[in-house]
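Only the coordinates and a few stated rules stand behind these numbers; no lab work does. On a predicted model such as this, the values are computed, not experimentally measured, just so you know. A quick note on method: Cβ atoms are made from the backbone with ideal geometry, for glycine too, and the neighbour counts reach across all protein chains shown.
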Amino acid sequence: MTLYLILSGCTGAKKMNWSVRNQKEGSVYYQEASTYNWRQRDSLTRELVLQGSMPRFLRRFVAIKSTWKDSVSGSVYRLTYYVAPDYLSVGNDEDWARVHITPFLAQELADSLHCFLPTRKMVDQIYQQAKIKLSPVPLYAFRDSTPTFYHHHLIVEGQRKGKKGLIAGIQKDIVTSGKLFTYPKMDRVAIYGWHQLNGKPIQPLYTGHVYWYVDYSQGVRLIYENVRVNGKWLHYSELFSNEKLKNLLCDEPTCGTGRYPVKSF
């Protein structure tokens, strides 16, 4: 997929210019996938996202800023990274819908779109700086069925009422974590978040589900692959491979590599 980046220095935003072709409507996607299992749903989602069938507003990434102080040296590091304003979706600006996929497809798509997936620490920061914070709406029946996915999307849209800007509190995030590497088969998904209006997440960091378990509450937030540390652009992998700089993105004892251990099964 072709990509170039437009910088908006005054607005704290970055426009991801992903190619756009064959924008299938979000409602049509869910009609087609209504009886699909996770593997079929992943296949359709991969095809559409790589074709650029995503709403244009999702391309305008928002700046998240934070600081971290090294307790040993006293040095202060200032970090800026850029995040999608909403969770991964298919469709166009008039008819779009959030989608739910396995973590290995999420990693594959993030790579293709020059992005990476957040950590627990980043999910907290995104929530704190979000413009739109909605109250979580848990569902309890048929949690892993495709129609439930679309039903929950429509509920969230009813809550959002057309408000625009960085949104949070509507999903758990698929995150990266050092815990993923503790399983012999490395076949798990890590999820975290779904913050309540009091700022506390419903979901602690959890790696109990096998990778193919996907339900309505698990979303994919894309992060642009290059971040700024004290004004210098670095690839996110440079931070995860640095014992000091990894603390800017991760608050776990072991952070892993900032990506899922394998791309696909």
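Quick one: 3J(HN,Hα) in Hz for the stretch 211-225, Karplus 6.51/-1.76/1.60 with θ = phi - 60°, rounded, Gly and Pro as x.
Values, residue by residue: 4, 7, 7, 10, 10, 4, 9, 9, x, 10, 9, 8, 10, 4, 5 Hz.
Could you size up the charge dipole of the chain around its Cα centre, putting +1 on the beta carbon of Lys and Arg and -1 on that of Asp and Glu, and report it in debye to the nearest 20?
700
Assuming R0 = 22 Å, what is the FRET efficiency of TYR206 and ASP111, from their Cβ-Cβ distance, to the nearest 0.05?
Computed FRET efficiency for TYR206 and ASP111 comes out at 0.40.
Out of TYR206, TYR236, LEU139, whose Cα points farthest toward the positive end of the dipole of the chain (charges: +1 Lys, Arg; -1 Asp, Glu; placed on Cβ)?
Working it through, the farthest residue towards the positive pole turns out to be TYR236.
Quick one: Debye curve from the alpha-carbon atoms of the stretch 117-191 only, equal weights, vacuum; give me log10 I(q)/I(0) at q = 0.11, 0.22 Å⁻¹ to two decimals.
-0.38, -1.07
Quick one: order ARG39, ARG188, ARG60 by neighbouring beta-carbon count within 10 Å, fewest to most.
ARG39, ARG60, ARG188
Quick check on the stretch 221-265: what are the equivalent-ellipsoid semi-axes from the Cα gyration tensor, as sqrt(5λ), descending, whole Å?
19, 14, 9
Which of the GluC sites (Glu not before Pro) across the stretch 93-161 are loop residues per DSSP, with 13 or fewer other Cβ within 10 Å?
GLU94
Treat the count of other C-beta atoms within 10 Å as a stand-in for reagent exposure and order GLU238, GLU225, GLU243 from fewest to most.
Least crowded to most crowded, the residues run GLU243, GLU238, GLU225.
Using all alpha carbons of the stretch 77-124, what is the percent of pairwise distances in each 5 Å bin, ordered from the shortest bin to the longest?
Result, from short to long distances: 5, 14, 25, 27, 17, 9, 3, 1, 0 percent.
Once label points are set 7 Å from the Cα along Cα→Cβ at both LEU50 and LYS133, what is their separation, rounded to one decimal in nm?
It works out to 3.9 nm between the two label points.
For THR257, THR146, what ranking results if the residue with the fewest other Cβ atoms within 10 Å of its Cβ goes first?
Least crowded to most crowded, the residues run THR257, THR146.
Hey, what D do you get for the chain in µm²/s if you plug the Kirkwood alpha-carbon radius into Stokes-Einstein at 10 °C and 1.306 mPa s?
Result for D is 85 µm²/s.
List the aspartates and glutamates whose Cα sits under 13 Å from the Cα of LYS172, skipping any in the same chain fewer than 8 residues away.
Of all the aspartates and glutamates, those that pass the test against LYS172 - Cα under 13 Å, at least 8 places apart if same chain - are ASP86, ASP124, ASP215.
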